[in-house]
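Below is one structure, written out as structure tokens; comments come after it.
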């Protein structure tokens, strides 16, 4: 008994020690407060913290994200967004814990504001809007039904004691930045429910958000002092007061209860007491197993392959998957992991010429350098290059393994010398950097690479190792690329675009057809000296190549290059013109991959290097995504969606049953914590190397890393890492800075709804769903109309829905519940007419995306009809949703039918950007300068389809990126006025190539835009309209489009002042002659 008593303190010590170890600081977001309880998101779950006891309790455990918590006023319930079935929706849960109850079925990322005094949940969604725009609603948790507040562009909200709604106009723009002053900056407005909303923060162009009402004042977050802090004003927008004074750390996601406000600051939650003026950081700790920090197995590495290469003899394949390197013997023997260190990213692994060593890029040193390791996975990688300060984008090792040529992100090409251990500059590129392949001659004396000429055409250069000098060997008049030496060193093969066969006969015809050139490339051979004899030359009576070949030897001689007249020694390979993607040259064959428009993957073909008259290309495989040929030219590696295959280059075609690389039970584990550290450093490093300003806008970028990396130990899941990276890159105060993607934990199910393409409400008396509105799209495109608007159906607005597939609708709070997983499937629905007659129809619901597109299409169609009506069909209307490749279609559909009208409205409101601004501007710049007078009928003009009338462009706060470039270009080129509101302000463009190891990204703004006068354009502030017209929230909700009306009125005035007419056909000449 005495022994047992002695053991009790020991056991208590062990329990306390274990508890202390399990309680750690987490990363806290999206806080809400009620009384002495604070709920927040950590590890993707909801947690509750007691301000009195300091204890935390996990409320949810689902693999989806639970966030945006908000307490009911009595503290009994918590509303939050969760993704239990896939889409993010609103749920409620007892504040003491329990089973969540779903409240919405809308699939449009709702944003919760707060509970109202009468027990409703105030939230916003784009689900009920036509033009994509947030709207506020009140959700009744008793019935799970929502009621719209009659406002457009309304996001967050709070009610005053007088019942007035103070709301945030616009949702937060998605780019991460600080001190944002662009047109999409959130602002606070007040709405009394009857009259137009009043702008409360009109004195400040920056952000004001997260409104909270208390004791006659509105508290909110704003960055008026440079950092997002808590401020307040009276209900008229006056008497501004600052309450917190955070410097450098923005406050996020504020919530209030009874004069106490909680916000996220860094990775913490602060509590600010209005009455005492005190601010404190809550000392929250989590008791958790932190399961997302545990070692995790990658069981689908094939889907994460970033590169694959074949060894010199084709006996092995080296694969890089999710930042790790593996070697696989082709004969199926033991595969090996070459790299095993957690928290290090490896890229672009390949074999070091004819050795068994594997080269790769690694950031183990803190910068990406070239490293080396054995192919058996038995030794640690060792560093080869050193001193890099810029991202290495590609490399190539010489055959004798003494040199490595490598390219850096900042358009520089270097040569690493193994003997000296130093790198020297080979060349620089003023435009697009150096792309692979970087090709070596067999004697390691010459490097062939591509550089850009002054006209940006790609030129091939040869670099002499001995002379340390580069020589241009191709014209700057045409693009030439992908140089490859022949194995004997006599020839330099390359691809060049020199075949221009236009498939369009003339520019006359519907929609002004333009020249279209496909299959512009051919493979060419350049004789490096005058003694080389082209192997494809046909025999003739003076020369028989077969006799000469008998005495030939295969001994490789040092490469001899004669630059005198080298451009004239150019030959065309008899393979025809195609869309060549890459090629290789062996002793006996040329092997290439080509693609065709509209087909997935490429076709790999080979051509024997021979002048036999019957020598034709043969197809080895189709549907290939990438390929490579072994160094000795005897094996080819092919990759498609089914796997990786290795076959003889002399084979007739790929045999997938025999040639597949056996990768059995391939899996590996990662340490997420070390992964997150590496990705954070990688994101920071790639911002440094991709950002358009090498001086990083004057920031001490190392200090920025130190500031935010200090919070890395707090990160417990991938979403929190995104949040931390977003805070870091926001320091650059630039747009086009997005954080997204990556290997995140997601729910096991993802069940979408089906939609009928209509607005419905649940009748309180009958319990049936009444069809209020069937969305109307352009009838000229019947494939896009609502499922209920099909011409063979009897469905009309006002009809009621009784049942879906035999299921009574009365117990369902939303009809969408009964349409779960039904998009694109036949559904049997029973309807009832207002007179009581019932009928049934088979309907095919559409997806959430298609329903959203349908609502947008109605907005476009009704704008077009309004313009036609107001102008008596004298003005045309074009709306461009974005400026991407798919938006050419919108131009074609809307511009060409209207090109003969007197006026034209080009509407780029809500335009998401892209890259076709120059193409659209070019069309509008076309000028008619003479007219065709046919024998009968109306005249027409040249340039064909030139618009001769008056034009105006509509812009608003959601016009973004290339939409802004188009608008500013339209004005600067003198084509007309801009009407609307100031735009987003994002004009430093990006490529999104700086991917992280898990395919996530923290984008970098890469290319700034400036004027001929030397001024930076648009960035951070937006395009300012010539005529400012705001579509106010209340009147816009009720259907008014003040901006469109102003555009029509502006054009009508111009048309009255300067009429647009076609010059009449002059009297035809009298060519008669009076012969005498």
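The numbers here are math on the coordinates, done by the rules we state, and not lab data. On a predicted model such as this, the values are computed, not experimentally measured, just so you know. Neighbour counts are summed over all protein chains in view; Cβ atoms, including those assigned to glycine, are modelled from backbone coordinates with ideal geometry.
Contact order for region 881-1001, expressed relative to its length and based on alpha carbon pairs under 8 Å spaced 6+ residues apart, stands at 27 percent.
The value of relative contact order for the chain, using C-alpha pairs under 8 Å at least six residues apart, is 9 percent.
Here region 214-367 is treated as a Stokes sphere of Kirkwood radius computed over C-alpha pairs; at 4 °C and 1.567 mPa s its diffusion coefficient rounds to 63 µm²/s. The Cα atoms of region 701-855 define a convex hull whose projected area, averaged across directions, is 14.2 nm². For region 254-338, the alpha-carbon radius of gyration amounts to 2.17 times the rule-of-thumb value 2.2 N^0.38 Å expected for a compact globular protein.
The label-point distance for residue 477 and residue 928, in a model that sets each label 7 Å from Cα toward Cβ, rounds to 3.9 nm.
Taken as Cα centroids, region 320-390 and region 441-502 sit 29 Å apart, rounded to the nearest whole angstrom. When a footprinting reagent is the concern and you count Cβ atoms within 10 Å, what order do 102, 641 take, fewest first? In order of increasing Cβ crowding within 10 Å: 641, 102. Classified by the C-alpha gyration tensor, region 30-92 has an oblate form. Its axis ratio a/c, with a ≥ b ≥ c, is 1.5 or above, and a/b does not exceed b/c. Per residue, the convex hull spanned by the alpha carbons of region 758-846 comes to 90 Å³.
Peptides 222-233, 55-66 ranked from most to least packed, by the mean per-residue count of other Cβ atoms within 10 Å: 222-233, 55-66. If you take the square roots of the eigenvalues of the alpha-carbon gyration tensor of region 920-1076 and sort them as a ≥ b ≥ c, do you get rounded (a/c under 1.5), prolate (a/b over b/c) or oblate? It is prolate, given that a/c is not under 1.5 and a/b is the larger ratio. Exposure proxy for 446, 684: other Cβ atoms within 10 Å of each Cβ, ordered fewest to most, give 684, 446. Measuring nothing but how far apart in sequence close Cα pairs (under 8 Å, 6+ apart) lie, relative to its length, region 142-222 scores a relative contact order of 26 percent.
Helix-only arithmetic for the chain: the sum of -39500 (n - 2.57) across DSSP H runs with n ≥ 4, divided by the residue total, places the mean residue ellipticity at 222 nm at -4000 deg cm²/dmol.
Treating each Cα of region 737-797 as an identical point scatterer and ignoring solvent, apply the Debye formula and state log10 I(q)/I(0) at q = 0.18, 0.30 Å⁻¹. Log-scaled intensity ratios, in q order: -0.78, -1.31. Residue separation of residue 1027 and residue 354 scaled by 0.36 nm, minus their Cα-Cα distance, works out to 235.4 nm of gained length. Its residues counted as N, region 4-290 yields a C-alpha radius of gyration over 2.2 N^0.38 Å of 1.05. Seen from a random direction on average, the alpha-carbon convex hull of region 356-408 projects onto 3.7 square nanometres.
Shape call for the chain from the C-alpha gyration tensor, a ≥ b ≥ c root eigenvalues: rounded (a/c under 1.5), prolate (a/b greater than b/c) or oblate? Taking the square roots of the gyration eigenvalues as a ≥ b ≥ c, the chain is oblate.
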